Structure formats: structure tokens, C-alpha cells
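Readers should treat all values here as calculations from the given coordinates under stated rules, not as data from a laboratory. None of the values given here were measured: they were computed from a predicted structure. FYI the Cβ positions are ideal-geometry reconstructions off the backbone, even for glycines, and counts take in every protein chain you see.
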Amino acid sequence: MTTVSPVTPSPVSPSVEAEVQRFMKRVVDRTPSEPEFHQAVHEVVESVMPTVLDTQAYRDASVLDRLTEPDRVISFRVTWTGDDGAVHVNRGYRVQFSNAIGPYKGGLRFHPTVTQGTLKFLAFEQIFKNALTGLPMGGGKGGSDFDPKGKSDAEVMRFCHSFMTELYRHIGEDTDVPAGDIGVGAREIGFLFGQYKRLTNTFTPVITGKAPQFGGSLLRPEATGYGSVYFAQAMLEHAGEGLADKDCAVSGSGNVAQFTAEMLIKLGARVVTLSDSGGFIHDPNGIDTEKLAFVEDLKNTRRGRISEYAEKYSGATFHANERPWGVPVFGAFPSATQNEINEADAKTLVANGVRVVSEGANMPSTPDAVHAFQKAGVLFGPGKAANAGGVSVSGLEQSQNSQRLSWTRDEVDQKLHAIMTSIHAACVEHGSLPGGGVDYVRGANIAGFTKVADALVAFGAV
Ligand code: GLU
């Protein structure tokens with residue numbers, strides 16, 4: 001019999017709450033048009049403020065102020081030519097947030113909604129996520145408001161080459177090592193790396209997520225999705241439960257969603273949903289390996305819409321402009337984008353009996369949604385812990401590149417599994433509640449934060 005302990009973090013004392021409010025006011029005043037950044041900062045500050053107030057060295061060193069102001073933000077024009085000869089302009093960015101514990105590390109996102117505030121939230125999250133992996137990686141993120149959707153391969157190539165023509169001067173294997181994110185997959189990484197190599201006349205492993213032929217790690221494409229399922233497994237095992245035979249909802253249908261689904265299927269769970277920006281598909285019979293291969297071809301090669309799934313497989317339905325959270329499931333794996341689960345979605349999932357939520361995407365649940373999950377005793381794995389598998393294998397790719405060696409798939413998988421297990425253990429260590437249960441949000445924030453904060457204290461005022 002499952003015991004469900006509501007995760008109600010010890011009540012925040014009025015003095016701590018007042019400090020959080022005072023601190024957030026200053027952040028918001030200084031960055032008024034960056035709401036996603038405020039959301040990400042608030043979540044961390046709420047968790048770590050008691051530790052900061054109790055630790056004289058952190059207060060003296062102003063660690064929170066230093067960790068909420070990026071080392072630098074680089075913004076640049078990207079000019080590229082369309083197939084019809086028209087000249088287009090997009091904006092490119094790299095946010096180098098903190099290199100306290102290693103070179104800046106984090107992906108590049110190409111999506112029309114990308115703003116400086118989006119990338120600051122993502123780079124900020126990356127600081128703590130990367131610290132949790134135990135590998136020496138700082139936090140950064142970059143990207144552009146360029147939309148690869150509907151562009152030809154040649155247009156994407158010209159955009160990527162132009163983007164790297166500016167970015168190359170700001171990155172380096174000991175400085176800043178980008179990778180993929182939404183809209184940046186194997187095709188884009190190839191174009192970006194090719195241009196870096198041409199511009200510098202070096203074969204420097206300055207980017208991760210490379211194809212295995214030119215230095216990429218085996219299992220890097222799988223790592224975020226597999227890691228998110230390993231994290232869910234770890235949370236369930238800790239509570240004496242498992243995933244076998246359970247229905248699971250996955251959102252998204254890109255890299256993270258595909259490999260989340262693959263691992264869930266492998267572990268005997270039934271994946272009943274996938275989605276894209278047009279809506280979601282529900283297949284009550286379960287998406288099996290063959291159906292998943294169809295989705296991979298649809299999304300990775302043909303770059304089509306998920307609605308085609310419901311046209312191909314009888315019994316499956318397509319729900320335009322909706323998200324999959326109304327489908328009753330045991331496990332929810334949000335693997336699309338930020339704020340894709342709101343409070344109403346979370347309450348619906350809870351009412352339908354959801355037991356575990358593992359965030360494959362970055363910040364997919366709104367703060368109210370997180371609260372609803374925790375109040376109901378749902379095992380909730382926040383993105384900075386649950387989706388750290390991707391950047392972990394990026395770190396392992398860097399290690400292999402430095403050694404000029406390639407590890408086998410099994411070797412990488414074992415290391416990935418060990419990293420996800422140790423992140424889970426760190427969350428339990430820092431997030432266990434007196435009444436039982438684990439606050440994984442607080443655990444992840446405190447474990448990641450203290451490592452970086454201790455480094456900042458050691459450096460003096462830099
Ligand atoms: N974009 C991924 C993330 O959000 C991976 C970053 C990387 O591999 O550097 O963690």
C-alpha cells in the first residue's frame with residue numbers, strides 16, 4: 001500500500017518571507033521585462049533563503065546578489081539569406097551566467113519566442129543543474145528568435161553559419177561550451193561545429209551533442225529523456241513503487257519526449273500521449289516501439305505534425321490546441337517547454353490520480369502547479385534535477401574529447417545512471433521532511449546552490 005505524504009515544506013517564517021520579498025523586488029526592479037527569469041529566481045531564493053540567512057559567509061559575500069546577475073550577456077545581429085535571395089535579420093544571444101565551478105555550459109535554443117529573459121532563466125537554472133551533476137560545469141545558455149520550422153536545410157545552414165560567425169569569438173573548450181536545446185538538434189550542431197572549425201582552423205571540441213563521427217558521445221541524444229525516467233524511477237523506488245504497467249503522459253515529440261517514451265516503453269510502462277505546438281495525440285492502446293519509430297521519422301526526418309499519428313493509427317485521437325494533462329495517468333513527463341502545466345492542469349492530474357511527475361523540460365510547471373503537486377503528495381522531480389541527464393552526458397562528452405577516447409554506449413549509460421542516482425540522493429539529503437516525504441524542489445535547489453555559493457566565497461569579491 002502506497003503512503004502519500006503531502007510535501008508541505010516547513011512554514012516559511014515571516015522574517016524569511018520578508019527577505020525573499022525584499023530580494024525579489026530588487027531583482028524585478030532591475031530586470032522589469034523578464035518574468036520567466038523572476039519565476040526561476042524566486043523558486044531558488046525561496047528554497048535557499050533560510051540557508052543564506054543562517055550562513056554569515058554567504059551574507060558577507062553577497063552570494064545571492066552575485067548569482068542573480070549574469071557574468072555577461074552577449075547580444076548580436078545574425079544576418080542570413082533566404083532561398084529566394086531575401087536578406088533576413090535575427091537576434092542571437094549567449095548568456096554567460098556563472099563560471100564559478102567550470103566553463104560556462106548550456107544549450108542553444110532557436111525558437112521565435114526566445115528573448116533575453118528566456119535565456120537568462122535557462123542559464124540561471126543551468127547553474128544549479130550543472131552543479132548537481134557533480135561535473136565541473138558552469139551555467140550558460142544562448143540562442144536566437146530564429147524559427148527553424150518551415151525553413152529549408154540550406155536556410156538553416158546559412159543561419160547557423162552566420163550565428164557561429166559571431167559566437168565563435170566568445171566560446172572555447174575552457175571558456176564556454178554550447179550544445180543543443182529546443183530547435184537545435186543534430187543538423188544544427190553539425191552546421192555550427194563545421195563553421196567553428198573553419199573559422200578557427202582547429203578541431204576543438206567546443207560544442208557537445210556532436211555526431212559520433214566527429215567526437216560526439218554515444219547516448220548523448222538519449223540522455224535527457226533516459227535521465228528523466230531514471231530520476232522518476234529513483235523517486236518511485238525511494239517510495240517503494242515502480243513504473244511497470246503504468247500509464248504515462250509525455251508531452252512534446254522532440255528529442256527529450258522521444259527518448260523519455262523509449263525508456264518508459266523499455267521499462268514496461270504504457271505511453272499514451274505525445275504532443276506538439278498543434279495539440280496532442282492520445283493512444284489508449286499505448287505507443288509501442290513501432291509507433292514510436294513512426295514518430296521519430298515524422299519529427300526528425302519529415303519534420304511533420306503530430307496530428308498525422310492519429311490519421312495513421314486507429315484508436316488514437318488528436319486534440320487540437322490542447323495539452324495532454326486531462327488524460328488520467330500514473331506518471332506525467334512534461335518534455336516540451338516552460339510553463340506547459342498550469343495550476344488547473346496540475347489539479348486535474350492530481351484528481352485523476354497522478355503519482356509521479358518528472359520534468360524533462362526546463363520549468364514546465366508553473367509555481368502554482370508545483371505547489372498543487374506537492375500539496376497532494378505527488379512525487380515531483382523539478383527540471384534542474386530530473387532533466388540533468390542531458391548536460392551530464394555533455395560533460396562526459398567533454399571528458400572523452402579531452403582524453404581523445406570514446407566510451408561504449410554501456411559505459412556512458414552506467415555513468416548516466418550513477419549521476420541520476422546521486423542527484424536523487426543529494427535531493428533526499430537536502431530535501432527530506434521531518435514528517436516523511438522529500439521536497440525535491442528544495443533538495444535540488446539547496447544542493448546545487450551550496451556548491452556554487454561555497455566557490456564564490458572562496459574567490460573573494462569577484
Ligand atoms: N539544453 C540542455 C539542458 O537544458 C543540455 C545542455 C548541454 O548539454 O549543455 O540542460
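Are there any trypsin sites (Lys or Arg not before Pro) in the range 400-462 that are in a DSSP loop and have at most 14 other Cβ atoms within 10 Å? List them by number.
Arg404
Lys and Arg at +1, Asp and Glu at -1: add these up for the other residues within a Cβ distance under 11 Å of Pro103 and post the number. Walk me through the numbers before you get to the answer.
Working: positive: Lys105; negative: Glu173, Asp174, Asp176.
Net of charged neighbours comes to -2.
For the chain, what proportion of DSSP beta bridges, expressed in % and rounded to the nearest 5, is antiparallel?
Working: 27 of 46 bridges.
Within the chain, antiparallel bridges account for around 60 percent of the total.
Please work out whether the range 381-462 counts as rounded, prolate or oblate from its C-alpha gyration tensor, where a ≥ b ≥ c are the square roots of the eigenvalues and a/c under 1.5 means rounded, while otherwise a/b larger than b/c means prolate and anything else oblate?
Details: a/c = 3.13, a/b = 1.33, b/c = 2.35.
Oblate.
Starting from the Cα gyration tensor of the range 245-328, take the square roots of the eigenvalues, sort them a ≥ b ≥ c, and report rounded, prolate or oblate (rounded when a/c is under 1.5, otherwise prolate if a/b is larger than b/c, else oblate).
Values: a/c = 1.44, a/b = 1.13, b/c = 1.28.
Judged from the Cα gyration tensor, the range 245-328 comes out rounded (a/c under 1.5).
Work out the length of the dipole vector of the range 1-125 about its Cα centre, built from +1 on the beta-carbon of each Lys and Arg and -1 on the beta-carbon of each Asp and Glu, and round it to the nearest 20 debye. Before the final figure, lay out the partial values.
On the way: 13 positive and 15 negative charges, 72 e Å.
Taking the Cα centre of the range 1-125 as origin, the dipole is about 340 debye.
Arrange His161, His88 by Cβ neighbour counts within 10 Å, fewest through most, would you? Please report the intermediate quantities before stating the final value.
On the way: His161 18, His88 15.
So the ranking, lowest neighbour count to highest, is His88, His161.
Return the calculated 222 nm mean residue ellipticity for the chain, to the nearest 500 deg cm²/dmol, obtained by summing -39500 (n - 2.57) across DSSP H runs with n ≥ 4 and dividing by the residue count. Walk me through the numbers on the way to the answer.
Working: 17 runs with 219 residues, N = 462.
Computed mean residue ellipticity for the chain: -15000 deg cm²/dmol.
Please name which of Leu53, Gly117, Gly227 has its Cα lying farthest along the dipole of the chain towards the positive end, using unit charges on Cβ (Lys, Arg +1; Asp, Glu -1) and the Cα centre as origin.
So the residue we want is Gly117.
Find the percent of Cα-Cα distances in the range 298-359 that exceed 17 Å, and round it to a whole number. Provide the component values of the computation, followed by the final result.
Working: 976 of 1891 pairs.
Tail of the P(r) past 17 Å holds 52 percent of the pairs.
Exposure proxy check: Tyr104, Tyr58, Tyr196 ranked by fewest other beta carbons within 10 Å? Can you show the working numbers first?
On the way: Tyr104 30, Tyr58 20, Tyr196 23.
So the residues, fewest neighbours to most, are Tyr58, Tyr196, Tyr104.
Going by how many other beta carbons lie within 10 Å of each one, how would you line up Tyr93, Tyr168, fewest first? Don't jump to the answer; show the numbers that get you there.
Values: Tyr93 24, Tyr168 18.
Going from least to most buried by this count: Tyr168, Tyr93.
May I ask you to derive the relative contact order of the range 311-397, considering only C-alpha pairs under 8 Å and at least 6 residues apart, and to give it as an integer percent? Don't jump to the answer; show the numbers that get you there.
Numbers: 130 pairs, mean separation 23.3, N = 87.
Relative contact order here is 27 percent.
Give the shape of the range 312-462 as rounded, prolate or oblate, defined through the alpha-carbon gyration tensor: a ≥ b ≥ c are the square roots of its eigenvalues, a/c under 1.5 means rounded, and otherwise the shape is prolate if a/b is larger than b/c and oblate if not. Before the final figure, lay out the partial values.
On the way: a/c = 2.16, a/b = 1.35, b/c = 1.60.
Oblate is the answer for the range 312-462, as a/c is 1.5 or above yet b/c matches or exceeds a/b.
Using Cα pairs closer than 8 Å and at least 6 residues apart in sequence, work out the relative contact order for the range 1-160, in percent.
Details: 242 pairs, mean separation 34.7, N = 160.
Result for the range 1-160 is 22 percent.
Report the dimensions of the chain along its three principal axes from the alpha-carbon atoms, largest first, rounded to Å.
Computed over the chain, the largest-to-smallest principal extents equal 62, 62, 43 Å.
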